[in-house]
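What follows is a set of notes on a single structure, which appears directly below.
The values are calculated or read from the model by the stated rules, or taken from the named source; none is laboratory data. Computed from a prediction, not measured in an experiment: that's the story for all the values here. Note: ideal-geometry Cβ built from the backbone for every residue, glycine included; neighbour counts use all protein chains shown. For accessibility, only protein heavy atoms count, side chains too; no ligands or nucleic acids. Shrake-Rupley method; radii C 1.70, N 1.55, O 1.52, S 1.80 Å.
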Amino acid sequence: MSDKGEVLFQIRDLCKAFGSNLVLDHISTEIRSGEVVVIVGPSGSGKSTFLRSLNLLEIPTSGTISFEGMNITDKNTDINKYRQKIGMVFQHFNLFPHKTILENLTLAPIKLLKKPMGEAEKEARELLARVGLEEKEKAYPSQLSGGQKQRIAIVRSLAMHPEVMLFDEPTSALDPEMVGEVLNVMTDLARDGMTMVIVTHEMGFAREVGTRILFIDEGVIKEENKPAAFFENPSNPRLKEFLSKII
Amino acid sequence: MRAVPCLHEYLAKAAGSRAPPQLAKGFAYNLTRHAGLLDGSPAGQREGCEGVEEFKLKFYTNFIKDDRYMYLVKGLGNTLAITFLAVLLGIVLGFLVAIIRSTHDKTGKGKIANMICQVYLTVIRGTPMMVQLMIMCYVVFGNYNISKLIVATLAFGINSGAYVAEIVRSGIMSIDQGQLEAGRSLGFGYAQTMWYIIMPQAFKNVLPALANEFIVLLKETSVCGYIGMMDLTRGGDIIRSRTYEPFMPLIGVALIYLVMVMVLSGLVGKLERRLRTSER
Ligand SMILES: Nc1ncnc2c1ncn2[C@@H]1O[C@H](COP(=O)(O)OP(=O)(O)OP(=O)(O)O)[C@@H](O)[C@H]1O
Ligand SMILES: [Mg+2]
């Protein structure tokens, strides 16, 4: 599957420095349509920075990222239009606390896609049903559990019909008993063919759902492979050390 | 007793135009006391009666006679008008400055605009309100024949804007960075994210502080008299200068402020409780 899809992201020599701290060091890779790319690596290695570069929450210091053949690091790209195609799910959910769940889902489609309210709400309710939270549409985020919040955050992104979904440690802020419900939603999404890039520490999920795994360490992709090979035959010594620590 | 107010009034008026205030005041006061003693009521009753009667008399002289309460009514009207208009101006200015400043803090954009804002904040918060008011009246508009109401509104609005700005800015900065990122990653521009996502939350957070700022403003307008504007305080003071009787008009004025502030504070408290219960 991962070899068949068309190339969505073409990343060349991506570098990102914060001051003198070089966090991403000449990263090059591509991401194809339908892939579920899982990014693992030690803390502070640049995983989040890499992911956030993909939707330009971090502006690369040098190098290029093109999406569907268009160079998005170019100054003339309409960043807002581009971001509509890229969904993002955060570790801390970042739901809008002043809006109801339904409004969280409809805000962007109504304001950005100019969808009529009725249509946006109908679609939002379908999405809520998909994650089993249709009865929460009138609730506010603060009334939900962590797992419920994250499921809402996922469908809030989906309401924009993105072509790619980015996840930055979506289950790291959850109580253990809630991790499963979120991973299930993500698994369903992957089965539906969504292109996903996921930073996570959930190795079971990575192995089961991922189509390719990247090991980022010290701002460099030190190893990338299909899940089975990645976990069974790691070649990079740093990866071996990393895997031995977490499994 | 009916003749007494007339006499009192007459003497006060006569004395007011010529004699120094101190003398006139003492003179009128003595006369009133004297008038009370001349009253032919029995000695036992007289003490209590005298108190009530004297109060009635004073109330009559200070507020009813010659429609003097109209000074307070007109003054209150001006106080409320200045406060209301200055609040509007303060909100507009304050939000503008807050947005410029927090945008600069977050993105580093708008260096010059931010510097202008900083000068504004420093000057306004570093000088007394009364001095600002007089500068506005005698320096800025010194050579123009312009309504005092406008002068006062500008002075108080510009002053209040500086405090509103810092309140709103703290509100904006208190919103988690993740909210901005969530908005931006959905495809909202910076301004749209501010408008739909950040500002409503920031506004809700600072609403009680804002309301308090306006209660302060209401009281601060009492220095309006210094530019010859008849606000509530000045209205009371005019009555005092007519009747040579400070107690009634000034306590009356104080009570009116107190009631307004208490009502407003009560509303703010209610608002705070409602904001806390909604969405939680
Ligand atoms: N906005 C920033 N300003 C300065 N330094 C930053 C910034 N964001 C990240 N860094 C630094 O970049 C490095 C990589 O951070 P990043 O968040 O990408 O790591 P990570 O791999 O996601 O780690 P974790 O597993 O802890 O989330 C860290 O040393 C971090 O301190
Ligand atoms: Mg991270």
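Odds and ends about this structure:
- Residue list for segment A:79-105, restricted to those being in a loop (DSSP other than H, G, I, E, B), touching a strand residue (DSSP E or B) at 6+ places or on another chain (Cβ under 9 Å) and more than 7 Å from chain B (Cβ to nearest Cβ): A:85, A:91
- Residue match in segment A:199-207 (condition: buried (at least 21 other Cβ atoms within 10 Å of the Cβ), within 14 Å of chain B (Cβ to nearest Cβ) and within 16 Å of ligand 1 (Cβ to nearest atom)): no
- Checking each residue of segment A:106-118 against the condition of being within 16 Å of ligand 2 (Cβ to nearest atom) and either more than 15 Å from residue B:186 (Cβ to Cβ) or not hydrophobic (A, V, I, L, M, F, W, C) (or both) gives no match.
- Within the span defined as segment A:78-90, one or more residues are within 16 Å of ligand 1 (Cβ to nearest atom) and within 21 Å of residue B:107 (Cβ to Cβ).
- Unique residue being part of a loop (DSSP other than H, G, I, E, B), out of contact with any strand residue (DSSP E or B) (no Cβ under 6 Å at 6 or more places or on another chain) and open to solvent by less than 40 Å² (accessible area, probe 1.4 Å) when the list is A:124, A:120, A:139, A:173: A:139
- Residue among A:54, A:24 that alone is crowded, with 18+ Cβ neighbours inside 10 Å, away from chain B (no Cβ under 14 Å), in contact (Cβ under 8 Å) with a residue 60 or more places away in the chain and within 16 Å of ligand 2 (Cβ to nearest atom): A:24
- All of A:178, A:186, A:165, A:160 fail the test of being in a strand (DSSP E or B) and more than 16 Å from ligand 1 (Cβ to nearest atom), apart from A:165.
- For residue A:75, the stated conditions hold: it is among the basic types (Lys, Arg), open to solvent by 50 Å² or more (accessible area, probe 1.4 Å) and assigned to a loop (DSSP other than H, G, I, E, B).
- From the options B:27, B:84, residue that is at pLDDT 55 or above and open to solvent by 60 Å² or more (accessible area, probe 1.4 Å): B:84
- Residue A:63 surrounded by fewer than 21 Cβ atoms within 10 Å (Cβ to Cβ), in a loop (DSSP other than H, G, I, E, B) and away from chain B (no Cβ under 14 Å): no
- Selection within segment B:195-225 - within 13 Å of chain A (Cβ to nearest Cβ) and of a type in the set (A, V, I, L, M): B:197, B:198, B:199, B:202, B:207
- Restricting A:69, A:34, A:44 to those that are open to solvent by 30 Å² or more (accessible area, probe 1.4 Å) and away from ligand 2 (no atom under 11 Å from the Cβ) reduces the list to A:69.
- Looking across segment B:222-240 at every residue that is open to solvent by 50 Å² or more (accessible area, probe 1.4 Å) and not charged (D, E, K, R), the one that is nearest to residue B:67 (Cα to Cα) is identified as B:228.
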